[in-house]
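K.L.:
Attaching a single structure in structure tokens format; questions to follow.
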């Protein structure tokens, strides 16, 4: 009986250690190596930091800057600016915009920079935020800038 | 602990809990669905589409909860070799797979009109798809190996390895940029969801939870009886001729 108890205790230690090590190691690897490559999109301030080249295909995400939305003369092309509060990137898109596309709300666009530094998007997806509320009520935090590396924006965000 | 490890005791306990769980499930689904579809306001951005959330979010919560139940059962089974723990994981997993599939499907149906796409390979969507595959893998391992003891052990190891995916699902929206929105309910600075929408959400979460208890206990009883039957059948087969 004593032998059985020690075997159980041994198994407890071994299995616990194995699971903790595995989970800990995997998470550390993901956080250390995967941070950027696992992200879906770049934000406007990343474009300069990463030295993204003209013609390089990538996804750009952020808030549609309030007051930046316009339709070009051809009637089919939309022009707006995507911002992460640190930098702003002009975007042009020809096509249908999703229902949730609005100024002050998030978008994720896919495309490339042209020679004059405008992001020519082939896809525009609307990014819904974490606010759910009935029409006509005050949001907890709307259209606030947030950037993963921007502590100031993060502080004002949680303070909202 | 050891009291519930006895199949007969477990069956008796399950029979006591089941009627209450079924009652709670019916009441909570009734109230939850009434609030979700009639007695709650549309959203200021999404309009009526917000009602998908009352099906989608509790499904996703229960998908993760059920995985933790499966993993805890697997841990107990590997360390203490309780046959009931092995059966608990086997009983929980299919419910978890269904919750995960429901979360994925409702998410896609909501995503098309709201985001503009059914699917993107962002951190949240991909990790939940991995969760679905983990459930399928767990169930497949039970089926693939004839010896139940060995099958259960292999499946349990897979379940424990997959535990790493749970924090990844939860924090994917914080660690990486995703199309999926960040958490609205379980967050440090309190819910960002209006009270009139939180009520149906929590009622539905309670309903799903009660549904899980019902299905889990039923499947446990089924597995216990199935095992009793196979033991009895083997005893009959090995009984000497004329011993009846």
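The values are calculated or read from the model by the stated rules, or taken from the named source; none is laboratory data. Model, not experiment: these values are computed from the prediction. Heads up, the Cβs are rebuilt from the backbone with ideal geometry, glycines too, and the neighbour counts pull from every protein chain shown.
K.L.:
Inside region B:184-212, can you point out the residues that are in a helix (DSSP H, G or I) and either more than 30 Å from residue B:44 (Cα to Cα) or in contact with a strand residue (DSSP E or B) (Cβ under 9 Å, 6 or more places away or on another chain) (or both)?
P.N.:
B:197, B:198, B:201, B:210, B:211, B:212
K.L.:
Now for a different question. When region A:109-129 is examined, which residues are found to be under 15 Å from the mean Cα position of the chain (by Cα) and part of a loop (DSSP other than H, G, I, E, B)? Walk me through it before giving the result.
P.N.:
Within region A:109-129, the first condition is being under 15 Å from the mean Cα position of the chain (by Cα), and the residues that meet it are A:109-110, A:124-129.
A:128, A:129, listed by residue number.
K.L.:
Residue A:36 - would you say it is surrounded by fewer than 20 Cβ atoms within 10 Å (Cβ to Cβ), in contact with a helix residue (DSSP H, G or I) (Cβ under 7 Å, 6 or more places away or on another chain), in a loop (DSSP other than H, G, I, E, B) and within 14 Å of another protein chain (Cβ to nearest Cβ)?
P.N.:
Working: surrounded by fewer than 20 Cβ atoms within 10 Å (Cβ to Cβ): yes; in contact with a helix residue (DSSP H, G or I) (Cβ under 7 Å, 6 or more places away or on another chain): no; in a loop (DSSP other than H, G, I, E, B): yes; within 14 Å of another protein chain (Cβ to nearest Cβ): yes.
For residue A:36, the condition - surrounded by fewer than 20 Cβ atoms within 10 Å (Cβ to Cβ), in contact with a helix residue (DSSP H, G or I) (Cβ under 7 Å, 6 or more places away or on another chain), in a loop (DSSP other than H, G, I, E, B) and within 14 Å of another protein chain (Cβ to nearest Cβ) - is not met.
K.L.:
Let me ask another. Please pick out the residue among B:81, B:3 that is at pLDDT below 95, closer than 30 Å to residue B:141 by Cα, touching a helix residue (DSSP H, G or I) at 6+ places or on another chain (Cβ under 7 Å) and surrounded by fewer than 17 Cβ atoms within 10 Å (Cβ to Cβ).
P.N.:
On the way: B:81 fails: touching a helix residue (DSSP H, G or I) at 6+ places or on another chain (Cβ under 7 Å).
When all the criteria are applied, what remains is B:3.
K.L.:
From the residues in region B:152-163 that are surrounded by 19 or more Cβ atoms within 10 Å (Cβ to Cβ) and facing chain A (nearest Cβ under 9 Å), which one is nearest to residue B:112 (Cα to Cα)?
P.N.:
B:163
K.L.:
Within region B:143-183, how many residues turn out to be assigned to a loop (DSSP other than H, G, I, E, B) and more than 20 Å from the chain's Cα centre (by Cα)? Quick ask: steps written out before the conclusion?
P.N.:
Just the residues of region B:143-183 that are assigned to a loop (DSSP other than H, G, I, E, B), to begin with: B:145-147, B:176-183.
If we keep only those that are more than 20 Å from the chain's Cα centre (by Cα) too, we end up with B:145-147, B:176-182.
Count: 10.
K.L.:
Just one of B:91, B:59, B:63, B:95 is assigned to a helix (DSSP H, G or I), more than 14 Å from chain A (Cβ to nearest Cβ), modelled with pLDDT of 95 or more and within 12 Å of residue B:131 (Cα to Cα); which is it?
P.N.:
Working: B:91 fails: within 12 Å of residue B:131 (Cα to Cα); B:59 fails: within 12 Å of residue B:131 (Cα to Cα); B:95 fails: within 12 Å of residue B:131 (Cα to Cα).
None of the others qualify; the one that does is B:63.
K.L.:
Could you check how many residues of region B:6-49 are at pLDDT below 90, surrounded by 14 or more Cβ atoms within 10 Å (Cβ to Cβ) and assigned to a loop (DSSP other than H, G, I, E, B)?
P.N.:
Of the residues in that region, 3 qualify.
K.L.:
May I ask you to verify whether residue A:67 is surrounded by fewer than 16 Cβ atoms within 10 Å (Cβ to Cβ) and within 13 Å of residue A:114 (Cβ to Cβ)?
P.N.:
No: the conditions fail for residue A:67.
K.L.:
So residue B:75 passes all but one of these: (1) modelled with pLDDT of 95 or more; (2) under 17 Å from residue B:193 (Cα atoms); (3) within 12 Å of chain A (Cβ to nearest Cβ). Which condition number does it fail?
P.N.:
Unmet for residue B:75, out of (1) modelled with pLDDT of 95 or more; (2) under 17 Å from residue B:193 (Cα atoms); (3) within 12 Å of chain A (Cβ to nearest Cβ): (2).
K.L.:
Moving on to the next point. If I go through region A:88-108 residue by residue, how many of them are crowded, with 17+ Cβ neighbours inside 10 Å, touching a helix residue (DSSP H, G or I) at 6+ places or on another chain (Cβ under 8 Å) and in a loop (DSSP other than H, G, I, E, B)?
P.N.:
Here the count works out to 2.
K.L.:
Just checking, how many residues over region B:76-88 are in a helix (DSSP H, G or I) and over 17 Å from the mean Cα position of the chain (by Cα)?
P.N.:
So the answer is 7.
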